[in-house]
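Quick notes on the structure that follows.
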Amino acid sequence: METLMVCLIGIFVAVATYLLLSKNLIRIILGTALLSHAVHLLILTIGEVKKGDVPLLKETPGPYTDALPQALILTAIVISFAVTAFLLVLAYRVYATNKTDDVEKLRGDEYE
């Protein structure tokens with residue numbers, strides 16, 4: 001199961017890198033969102049969330065699951081959603097102002 005997750009994370013990172021190197025602004029934003037999802041899966045895989053019992057006080061001692069990876073993933077999901085929403089609004093304003101979403105055309109002339 002862990003090798004499947006590692007392969008999925010690798011595919012997400014590869015696709016996100018491809019999208020980040022694009023000239024289209026929307027593809028760049030989708031690449032950042034996909035890269036953040038890859039990081040979430042990486043934290044989930046490294047944290048070994050399914051190993052152990054629920055961390056409640058019981059009479060039976062045993063290995064407990066660490067709740068820190070879940071808290072980190074939840075925080076990262078909220079932050080990445082906010083950043084993606086901000087970037088989408090920013091891309092909309094750039095397109096409304098310049099009538100293009102091509103990054104090369106947004107640079108302007110070389111003498112400006």
Cross-chain or 6+ apart pairs with Cβ under 9 Å, region 1-24 first and touching a residue at least 60 places away in the same chain (Cβ under 8 Å), then surrounded by fewer than 11 Cβ atoms within 10 Å (Cβ to Cβ): Lys23/Glu104
Residues (part of a helix (DSSP H, G or I), open to solvent by 90 Å² or more (accessible area, probe 1.4 Å) and of a type outside the set (A, V, I, L, M, F, W, C)) located in region 73-103: Tyr92, Arg93, Tyr95, Thr97
Filter pass, Thr65 being in contact (Cβ under 8 Å) with a residue 12 or more places away in the chain and open to solvent by less than 70 Å² (accessible area, probe 1.4 Å): yes
Candidate set from region 2-25 (those that are open to solvent by less than 50 Å² (accessible area, probe 1.4 Å) and assigned to a helix (DSSP H, G or I)); member that is modelled with the lowest pLDDT: Met5
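The values are calculated or read from the model by the stated rules, or taken from the named source; none is laboratory data. Note that this is a predicted model, so its numbers are computed, not measured. Every residue, glycine among them, receives a Cβ derived from its backbone with ideal geometry; neighbour counts consider all protein chains shown. Note: accessible area is taken over every heavy atom of the protein model, side chains too, but ligands, DNA and RNA are not part of it. Shrake-Rupley method; radii C 1.70, N 1.55, O 1.52, S 1.80 Å.
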